[in-house]
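S.K.: Next up is a structure, given as structure tokens.
All of the numbers you see were taken from the coordinates with simple rules; none came from a lab. Note that the structure is predicted; figures quoted are calculated from it, not measured. Every residue, glycine as well, gets a Cβ built from its backbone with ideal geometry; the counts of neighbours run over all protein chains shown.
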Amino acid sequence: MNVYDFDDTIYDGDSNLDFFKDLFMRYPSLLRYVPDLIKIMKDYRATNLRFEDLIANYGDVLQDFIDRNHPDPEKMSKAFWDKHEKQIKPFYREIQKEDDLIITASPKFQMDEICKRLGIKHYLASEFDLKTGVFGRPCFRERKIEFFREAYPDGVIDDFYTDSMNDEFLFPYAKRVFFVTGQKIKRIK
């Protein structure tokens, strides 16, 4: 089984950030959250912010958005991927296999549509209830191991692809590890 991180690995960019940018365009009232979100994302990228803190901060913003706009998650996801599906990196489509697994911190509601479009049957993602704005379990850093072991207790990772050392917790479970930077892929294990 080949396992892939999603954002900046097979997706060119951060789909969560792109999703929020699109929301700001559709719902300008959300612009009041931009300064807080910029700080949150900077802290997150610098790994100074614990994921639990990120969830708390995002959750407040998302809950407020949901309360005000009552979005249809399926419609939002389809509209987003209509615009951003082209950001799936060509290398992935060239090496894609039927038993591939995507394991990502991105929320499941966002991954449902793109995985369906790409024919990816196996994916693990953070749990988020768009109806209530409540985050469930995050699929992030060392927690990716928990998600993987629960879903595939005897699973063996042949090739693991990532763009981030945040995924180093999965490295020992993979026969080979590849680091993806843009379109370049370098084997690091």
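S.K.: Enumerate the amide H contacts of Arg137 below 5 Å, restricted to partners 5 or more residues apart or on another chain; note that Pro and chain-start residues carry no placed amide H.
M.R.: Glu127
S.K.: Would you grab the residues whose amide H sits under 5 Å from the one on Phe178? Only those 5+ places off in sequence or on another chain, please, with H modelled 1.01 Å from N.
M.R.: Here the answer is Phe160, Tyr161, Thr162, Ile188, since their amide H atoms fall under 5 Å of that of Phe178.
S.K.: Right, next: Can you tell me which of 82-89, 143-150, 3-10 comes out highest on packing, and rank the rest after it, using the mean Cβ neighbours within 10 Å?
M.R.: Top of the packing list down: 3-10, 143-150, 82-89.
S.K.: Using Cβ counts within 10 Å as a stand-in for footprinting exposure, how do Leu17, Leu23 rank, fewest first?
M.R.: Least to most surrounded, the residues fall as Leu17, Leu23.
S.K.: Order of 165-176, 24-35, 117-128 by packing, highest average Cβ count within 10 Å first?
M.R.: 117-128, 165-176, 24-35
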